[in-house]
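In what follows, a single structure is set out as structure tokens and then discussed.
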């Protein structure tokens, strides 16, 4: 396959598939994908990430929950990319099992997310995710997601008063 015929899974494509935006968008590019089966994606970690202002000053470490979220976003790309009405859907966490953190991720690292589908139903999915840096396991977890209609956002009583 020539470079011109390779799928273009860059940041523009990512932004067209999932609703996440800076500063919580945690996938920069997709490297491999087998629809409904597996995906490999990357995140380049830079010192300019806002989280490093407070986690931790003088010794920046990417929070482990960001690695879990990055795996979930990669899984979301896998599940939503070919869905015709994806703009009207959201994937929400339904569970996180067996989360383990093996090494710190720091500015300058490139995280490689490897996510594999374990179970797939119309509104539920369970995936196994791994986050690697330089081939070394940084984090792993089994993630369950529920697909829901996006619908209007209800921000609570104050928002409802302002709509009256």
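The values are calculated or read from the model by the stated rules, or taken from the named source; none is laboratory data. The structure displayed is predicted, hence computed values, not measured ones. Please note: Cβ atoms are built from the backbone with ideal geometry, for glycine as well, and neighbour counts cover all protein chains shown.
Which of the residues belonging to region 91-112 are within 22 Å of residue 13 (Cβ to Cβ) and touching a helix residue (DSSP H, G or I) at 6+ places or on another chain (Cβ under 9 Å)?
Across region 91-112, the qualifying residues are 91, 111.
Mind listing just one residue for me: the one in region 65-108 that is crowded, with 18+ Cβ neighbours inside 10 Å and in a loop (DSSP other than H, G, I, E, B) and, of those, modelled with the lowest pLDDT?
81
Which residue out of 23, 7 is touching a helix residue (DSSP H, G or I) at 6+ places or on another chain (Cβ under 6 Å) and loosely packed, with under 12 Cβ neighbours inside 10 Å?
On inspection, the qualifying residue turns out to be 23.
Restricting region 114-134 to residues that are in contact (Cβ under 8 Å) with a residue 24 or more places away in the chain, part of a strand (DSSP E or B) and over 15 Å from the mean Cα position of the chain (by Cα), which is nearest to residue 38 (Cα to Cα)?
So the residue we want is 118.
Pull up region 27-51, narrow it to residues that are assigned to a loop (DSSP other than H, G, I, E, B) and in contact (Cβ under 8 Å) with a residue 60 or more places away in the chain, then point me to the one that is surrounded by the most Cβ atoms within 10 Å (Cβ to Cβ).
The qualifying residue surrounded by the most Cβ atoms within 10 Å (Cβ to Cβ) is 27.
Taking residue 45 and the conditions (1) within 23 Å of residue 9 (Cα to Cα); (2) at pLDDT below 95, which numbered condition does it fall short on, given that it satisfies the others?
(2)
From the list 65, 111, 61, which one is more than 13 Å from the chain's Cα centre (by Cα) and at negative phi?
61
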